[in-house]
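Undergrad: My questions all concern the structure below.
The values are calculated or read from the model by the stated rules, or taken from the named source; none is laboratory data. Keep in mind the model is a prediction, meaning the values are calculated, not measured. With ideal geometry, Cβ positions are generated from the backbone for all residues, glycine too; neighbour counts draw on all protein chains shown.
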Amino acid sequence: MKALNVLLVEDNIQIARQITTFLEGLKCQVDYADRGQTAVSLACDNIYDVVILDLNLPDMDGTAVCRKIKQNASNNAPVLMLTARDAYEDKALGFSVGADDYLTKPFDMRELALRCDVLARRPVQQNARHLKVGRLLIDLNEHSAMVDDAPLKITKTGFDILISVVRSYPQAISKSLLIHQIWGSSPPASNALKSHIYSLRKALEGAFGHNVLLTVNNIGYKLTQLDSDDNSEDNTDES
(Lines give C-alpha, C1' and ligand atoms only; values in the text may rest on other atoms or scores of the structure.)
Protein backbone atom coordinates (compact mmCIF):
# COMPACT_ATOMS: atom_id res chain seq x y z
CA MET A 1 0.00 0.00 0.00
CA LYS A 2 1.37 3.40 -0.95
CA ALA A 3 1.28 6.30 1.50
CA LEU A 4 -2.04 8.10 1.11
CA ASN A 5 -3.35 11.52 2.06
CA VAL A 6 -6.54 10.69 3.99
CA LEU A 7 -9.36 12.73 5.49
CA LEU A 8 -10.94 10.87 8.41
CA VAL A 9 -14.41 12.05 9.48
CA GLU A 10 -15.42 10.30 12.71
CA ASP A 11 -16.93 11.70 15.92
CA ASN A 12 -16.04 8.67 18.06
CA ILE A 13 -12.64 9.67 19.39
CA GLN A 14 -11.59 6.11 20.27
CA ILE A 15 -12.35 4.79 16.77
CA ALA A 16 -10.69 7.86 15.24
CA ARG A 17 -7.51 7.26 17.23
CA GLN A 18 -7.41 3.59 16.24
CA ILE A 19 -7.82 4.37 12.53
CA THR A 20 -5.34 7.25 12.63
CA THR A 21 -2.70 5.18 14.44
CA PHE A 22 -3.09 2.27 12.04
CA LEU A 23 -2.95 4.40 8.87
CA GLU A 24 -0.05 6.51 10.12
CA GLY A 25 1.76 3.25 10.78
CA LEU A 26 1.41 2.66 7.01
CA LYS A 27 2.98 6.10 6.37
CA CYS A 28 -0.35 7.74 5.50
CA GLN A 29 -1.00 11.40 6.27
CA VAL A 30 -4.30 11.68 8.14
CA ASP A 31 -6.36 14.84 8.66
CA TYR A 32 -9.19 14.55 11.16
CA ALA A 33 -12.66 16.06 11.51
CA ASP A 34 -15.35 15.20 14.07
CA ARG A 35 -18.03 17.41 12.48
CA GLY A 36 -19.58 17.34 9.05
CA GLN A 37 -19.09 21.02 8.29
CA THR A 38 -15.43 20.81 9.25
CA ALA A 39 -15.05 17.84 6.92
CA VAL A 40 -16.60 19.71 4.00
CA SER A 41 -14.28 22.68 4.58
CA LEU A 42 -11.19 20.46 4.75
CA ALA A 43 -12.20 18.52 1.63
CA CYS A 44 -12.70 21.75 -0.31
CA ASP A 45 -9.39 23.28 0.86
CA ASN A 46 -7.11 20.25 0.45
CA ILE A 47 -6.37 17.37 -1.91
CA TYR A 48 -7.07 13.89 -0.52
CA ASP A 49 -6.60 10.43 -1.97
CA VAL A 50 -9.50 9.08 0.10
CA VAL A 51 -12.16 10.41 2.48
CA ILE A 52 -13.18 7.98 5.25
CA LEU A 53 -16.61 9.17 6.35
CA ASP A 54 -18.73 8.02 9.29
CA LEU A 55 -22.48 8.35 8.68
CA ASN A 56 -23.46 9.26 12.25
CA LEU A 57 -22.15 12.76 12.90
CA PRO A 58 -23.45 15.23 15.50
CA ASP A 59 -24.12 18.18 13.19
CA MET A 60 -24.91 16.63 9.78
CA ASP A 61 -25.88 13.24 8.43
CA GLY A 62 -22.97 11.59 6.64
CA THR A 63 -24.95 11.34 3.41
CA ALA A 64 -25.32 15.14 3.37
CA VAL A 65 -21.59 15.50 4.00
CA CYS A 66 -20.82 13.12 1.15
CA ARG A 67 -23.11 15.02 -1.20
CA LYS A 68 -21.50 18.37 -0.33
CA ILE A 69 -17.98 16.99 -0.74
CA LYS A 70 -18.83 15.50 -4.12
CA GLN A 71 -20.45 18.73 -5.28
CA ASN A 72 -17.82 21.17 -4.02
CA ALA A 73 -14.40 19.53 -3.54
CA SER A 74 -12.12 20.27 -6.47
CA ASN A 75 -10.61 16.80 -6.86
CA ASN A 76 -13.73 14.77 -5.92
CA ALA A 77 -11.79 12.30 -3.76
CA PRO A 78 -13.32 8.83 -3.41
CA VAL A 79 -15.46 8.45 -0.29
CA LEU A 80 -15.43 5.31 1.87
CA MET A 81 -18.43 5.31 4.21
CA LEU A 82 -18.18 3.78 7.68
CA THR A 83 -21.37 2.91 9.50
CA ALA A 84 -23.18 0.47 11.74
CA ARG A 85 -26.15 0.70 9.36
CA ASP A 86 -26.04 -2.52 7.36
CA ALA A 87 -29.46 -2.54 5.65
CA TYR A 88 -29.50 -2.55 1.86
CA GLU A 89 -31.52 0.68 1.81
CA ASP A 90 -28.86 2.50 3.84
CA LYS A 91 -26.11 1.33 1.51
CA ALA A 92 -28.13 2.26 -1.57
CA LEU A 93 -28.71 5.74 -0.16
CA GLY A 94 -24.99 6.16 0.46
CA PHE A 95 -24.10 5.15 -3.08
CA SER A 96 -26.83 7.39 -4.51
CA VAL A 97 -25.18 10.51 -3.00
CA GLY A 98 -21.79 9.63 -4.43
CA ALA A 99 -20.13 7.21 -2.00
CA ASP A 100 -17.54 5.01 -3.69
CA ASP A 101 -17.40 2.20 -1.15
CA TYR A 102 -19.05 1.09 2.09
CA LEU A 103 -17.62 -0.64 5.17
CA THR A 104 -19.82 -1.80 8.04
CA LYS A 105 -18.69 -1.52 11.66
CA PRO A 106 -17.03 -3.39 13.27
CA PHE A 107 -14.31 -3.93 10.67
CA ASP A 108 -10.76 -5.18 10.30
CA MET A 109 -8.24 -2.32 10.04
CA ARG A 110 -6.40 -4.26 7.35
CA GLU A 111 -9.56 -4.34 5.23
CA LEU A 112 -10.04 -0.60 5.75
CA ALA A 113 -6.51 0.05 4.51
CA LEU A 114 -6.99 -2.30 1.57
CA ARG A 115 -10.20 -0.58 0.50
CA CYS A 116 -8.55 2.84 0.76
CA ASP A 117 -5.69 1.64 -1.41
CA VAL A 118 -8.06 0.24 -4.05
CA LEU A 119 -10.12 3.43 -4.12
CA ALA A 120 -7.02 5.59 -4.52
CA ARG A 121 -5.89 3.50 -7.49
CA ARG A 122 -9.16 3.58 -9.41
CA PRO A 123 -8.53 4.53 -13.04
CA VAL A 124 -11.46 6.98 -13.29
CA GLN A 125 -10.13 10.54 -13.24
CA GLN A 126 -12.56 12.81 -11.40
CA ASN A 127 -12.99 16.42 -10.45
CA ALA A 128 -15.96 18.55 -9.47
CA ARG A 129 -17.05 18.89 -13.10
CA HIS A 130 -15.70 15.94 -15.08
CA LEU A 131 -15.44 12.17 -15.08
CA LYS A 132 -12.82 10.81 -17.47
CA VAL A 133 -11.83 7.26 -18.21
CA GLY A 134 -10.05 6.17 -21.36
CA ARG A 135 -11.49 7.94 -24.40
CA LEU A 136 -14.70 8.88 -22.59
CA LEU A 137 -15.20 12.30 -20.97
CA ILE A 138 -18.34 13.25 -19.04
CA ASP A 139 -19.16 16.87 -18.19
CA LEU A 140 -21.38 16.72 -15.11
CA ASN A 141 -22.37 20.39 -15.23
CA GLU A 142 -23.31 20.38 -18.90
CA HIS A 143 -24.89 16.91 -18.74
CA SER A 144 -22.93 15.84 -21.80
CA ALA A 145 -20.54 13.06 -22.76
CA MET A 146 -17.85 12.88 -25.44
CA VAL A 147 -15.71 10.16 -26.97
CA ASP A 148 -12.53 11.45 -28.63
CA ASP A 149 -14.00 14.99 -28.52
CA ALA A 150 -17.11 13.87 -30.44
CA PRO A 151 -20.47 14.35 -28.63
CA LEU A 152 -22.24 11.20 -27.53
CA LYS A 153 -25.94 11.38 -28.37
CA ILE A 154 -27.83 9.77 -25.50
CA THR A 155 -31.01 10.41 -23.52
CA LYS A 156 -31.11 11.93 -20.04
CA THR A 157 -31.71 8.51 -18.51
CA GLY A 158 -28.92 7.08 -20.64
CA PHE A 159 -26.63 9.81 -19.31
CA ASP A 160 -27.55 8.98 -15.71
CA ILE A 161 -26.88 5.29 -16.34
CA LEU A 162 -23.55 6.14 -17.93
CA ILE A 163 -22.47 8.12 -14.85
CA SER A 164 -23.30 5.17 -12.59
CA VAL A 165 -21.43 2.58 -14.64
CA VAL A 166 -18.44 4.91 -15.08
CA ARG A 167 -18.21 5.50 -11.32
CA SER A 168 -18.17 1.73 -10.80
CA TYR A 169 -15.53 1.17 -13.52
CA PRO A 170 -13.73 -1.20 -13.86
CA GLN A 171 -16.05 -3.16 -11.59
CA ALA A 172 -19.58 -4.18 -12.53
CA ILE A 173 -22.56 -2.39 -11.01
CA SER A 174 -25.46 -4.54 -9.90
CA LYS A 175 -28.79 -4.21 -11.66
CA SER A 176 -30.63 -3.54 -8.39
CA LEU A 177 -28.22 -0.78 -7.33
CA LEU A 178 -28.35 0.82 -10.77
CA ILE A 179 -32.15 0.86 -10.70
CA HIS A 180 -32.11 2.47 -7.26
CA GLN A 181 -29.58 5.10 -8.30
CA ILE A 182 -31.59 6.07 -11.38
CA TRP A 183 -35.18 5.81 -10.14
CA GLY A 184 -34.97 5.60 -6.35
CA SER A 185 -37.88 3.85 -4.63
CA SER A 186 -40.18 4.17 -7.67
CA PRO A 187 -38.68 1.95 -10.37
CA PRO A 188 -40.38 1.77 -13.79
CA ALA A 189 -41.63 -1.30 -15.62
CA SER A 190 -39.33 -4.32 -15.44
CA ASN A 191 -38.07 -3.97 -19.03
CA ALA A 192 -37.37 -0.21 -18.87
CA LEU A 193 -33.76 -0.56 -17.73
CA LYS A 194 -33.05 -3.14 -20.43
CA SER A 195 -34.39 -0.75 -23.08
CA HIS A 196 -32.24 2.13 -21.82
CA ILE A 197 -29.18 -0.13 -21.63
CA TYR A 198 -29.74 -1.24 -25.22
CA SER A 199 -29.91 2.36 -26.48
CA LEU A 200 -26.86 3.43 -24.46
CA ARG A 201 -24.92 0.37 -25.62
CA LYS A 202 -25.60 1.16 -29.28
CA ALA A 203 -24.58 4.81 -28.84
CA LEU A 204 -21.32 3.79 -27.14
CA GLU A 205 -20.65 1.10 -29.72
CA GLY A 206 -21.04 3.65 -32.51
CA ALA A 207 -18.59 6.00 -30.80
CA PHE A 208 -15.94 3.44 -29.81
CA GLY A 209 -16.28 1.13 -32.81
CA HIS A 210 -16.91 -1.89 -30.58
CA ASN A 211 -19.14 -2.84 -27.67
CA VAL A 212 -17.95 -1.40 -24.34
CA LEU A 213 -21.09 -1.82 -22.19
CA LEU A 214 -21.42 -5.47 -21.23
CA THR A 215 -24.01 -7.44 -19.30
CA VAL A 216 -22.50 -9.55 -16.52
CA ASN A 217 -24.68 -12.60 -16.01
CA ASN A 218 -26.57 -12.63 -12.70
CA ILE A 219 -24.85 -9.39 -11.60
CA GLY A 220 -25.45 -6.29 -13.72
CA TYR A 221 -23.39 -4.21 -16.14
CA LYS A 222 -19.83 -3.06 -16.64
CA LEU A 223 -17.72 -0.98 -19.01
CA THR A 224 -14.63 -2.38 -20.71
CA GLN A 225 -12.04 -1.45 -23.36
CA LEU A 226 -12.56 2.30 -22.99
CA ASP A 227 -8.98 3.20 -23.79
CA SER A 228 -8.43 1.37 -27.09
CA ASP A 229 -9.88 0.59 -30.49
CA ASP A 230 -9.36 -3.14 -29.99
CA ASN A 231 -12.38 -5.38 -30.17
CA SER A 232 -10.85 -8.30 -28.32
CA GLU A 233 -13.02 -11.13 -27.14
CA ASP A 234 -14.81 -10.94 -23.81
CA ASN A 235 -16.66 -13.82 -22.24
CA THR A 236 -19.36 -11.57 -20.79
CA ASP A 237 -22.88 -11.87 -22.18
CA GLU A 238 -24.02 -8.84 -24.22
CA SER A 239 -27.75 -9.40 -24.00
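Undergrad: Just wondering, is there one or more residues in the stretch 85-100 that are closer than 28 Å to residue 12 by Cβ, among the hydrophobic types (A, V, I, L, M, F, W, C), in contact with a Ser or Thr (Cβ under 7 Å, 6 or more places away or on another chain) and not in a strand (DSSP E or B)? Lay out the reasoning, then the answer.
TA: First, the residues of the stretch 85-100 that are closer than 28 Å to residue 12 by Cβ: 85-100.
Add one more test, that the residue is among the hydrophobic types (A, V, I, L, M, F, W, C), and what stays is 87, 92-93, 95, 97, 99.
Subset that is in contact with a Ser or Thr (Cβ under 7 Å, 6 or more places away or on another chain): 93, 97.
After this cut, where a residue has to be not in a strand (DSSP E or B) as well, the list is 93, 97.
Yes.
Undergrad: Considering only residues of the stretch 190-225 that are within 14 Å of residue 173 (Cα to Cα) and hydroxyl-bearing (Ser, Thr, Tyr), which is farthest from the chain's Cα centre (by Cα)?
TA: Per the criteria, the residue is 215.
Undergrad: Which of the residues belonging to the stretch 16-36 are among the β-branched types (Val, Ile, Thr) and in contact (Cβ under 8 Å) with a residue 24 or more places away in the chain?
TA: Result: 19, 30.
Undergrad: Here is a list: 59, 34. Which entry is of a type in the set (Asp, Glu) and surrounded by fewer than 17 Cβ atoms within 10 Å (Cβ to Cβ)?
TA: 59
Undergrad: Restricting to the stretch 49-61, name every residue that is modelled with pLDDT under 90 and either within 19 Å of residue 118 (Cβ to Cβ) or touching a Leu at 6+ places or on another chain (Cβ under 6 Å) (or both).
TA: Answer for the stretch 49-61, where residues must be modelled with pLDDT under 90 and either within 19 Å of residue 118 (Cβ to Cβ) or touching a Leu at 6+ places or on another chain (Cβ under 6 Å) (or both): just 49.
Undergrad: Can you spot a residue in the stretch 99-117 that is modelled with pLDDT of 85 or more, touching a Gly at 6+ places or on another chain (Cβ under 7 Å) and closer than 23 Å to residue 141 by Cα?
TA: No: zero hits.
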